[in-house]
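Asks: Before anything else, here's the structure in question.
All of the numbers you see were taken from the coordinates with simple rules; none came from a lab. Small disclaimer: the values here were computed from a predicted structure and weren't measured. Reconstructed Cβ throughout: ideal geometry from the backbone, glycine too, with neighbour counts over all protein chains shown.
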């Protein structure tokens, strides 16, 4: 029998925190601890070593700071920001700090559970409408810089890799991309590994940003 995903939930709003914890328990996930601040998050990470940590971005001490500290001290713990903030800069800061997911608090229970499972399997997830705005913001920044964004042979993607990236930009998971192109999920992961290596980035969000920086366009 598969072991349940072990989760820490950290948010300074008790009603929301308890509601999220109860939703996860109802989905057969193991909530190993709850907290209300960045210091609580780092303590829970050290004491329980959960698989996934849900962090509020605006809690005392800051969710981004907590994600960064956890990524540095316990890199195998996947962190997800659960927040009301739709600011593109918050998304970029969170992912650069090591968060593997960015989800709005209006998400329904089943979608949150599905996101946690995907992130626990190594996926990176951002609420699609936010991902699209982050991409647009990075594109605007690129367009204002003269002499930047050029392609070179080291970052040149194949046609298939460009097609895969066009779907990543839209927020699709590896499984969804595989279904769309009639590929196996393993094959899509292989292409994504190649993309990450070519663009010299660590995750899907950084890949989207680098993809725009170097001037790649989906066919």
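Asks: Working from Cα positions, state the angle (0 to 90°, nearest 10) between the long axis of helix 128-143 and the longest principal axis of the chain.
Replies: The angle comes out near 40 degrees.
Asks: Over the alpha-carbon set of region 6-126, divide Rg by the Kirkwood Rh and report the Rg/Rh ratio to two decimals. Walk me through the intermediate numbers first.
Replies: On the way: Rg = 12.3 Å, Rh = 13.6 Å.
Reported Rg/Rh, Kirkwood definition of Rh: 0.91.
Asks: Pulled fully out, how much extra length does the chain show between residue 202 and residue 89, if you take 0.36 nm times their separation in residues and subtract their Cα-Cα distance? Don't jump to the answer; show the numbers that get you there.
Replies: Numbers: separation 113, 0.36 × 113 = 40.68 nm, distance 1.85 nm.
The residue 202-residue 89 span can extend by a further 38.8 nm.
Asks: Quick check: Cα centre of region 13-45 to Cα centre of region 87-131, how many Å?
Replies: First find each Cα centre; the distance between them is then 16 Å.
Asks: For a quick check, take a GNM of the chain with Cα springs below 10 Å and name the residue from 191, 102, 125 with the largest mean-square fluctuation.
Replies: Comparing 191, 102, 125 in the GNM, the peak value goes to 191.
Asks: Ok, one more. Give, in whole angstrom and from largest to smallest, the semi-axes √(5λ) of the equivalent ellipsoid of region 1-63, with λ running over the eigenvalues of the Cα gyration tensor.
Replies: For region 1-63, the ellipsoid semi-axes come out as 20, 14, 7 Å.
Asks: If every alpha-carbon in the chain counts as one equal scatterer, what log10 I(q)/I(0) does Debye give at q = 0.11, 0.17 1/Å?
Replies: -0.54, -1.17
Asks: Which FRET efficiency value, to the nearest 0.05, do you get for residue 194 and residue 117 by plugging their Cβ-Cβ distance into 1/(1 + (r/R0)^6) with R0 = 22 Å?
Replies: Working: r = 25 Å, r/R0 = 1.13.
Result of the calculation: an efficiency of 0.30.
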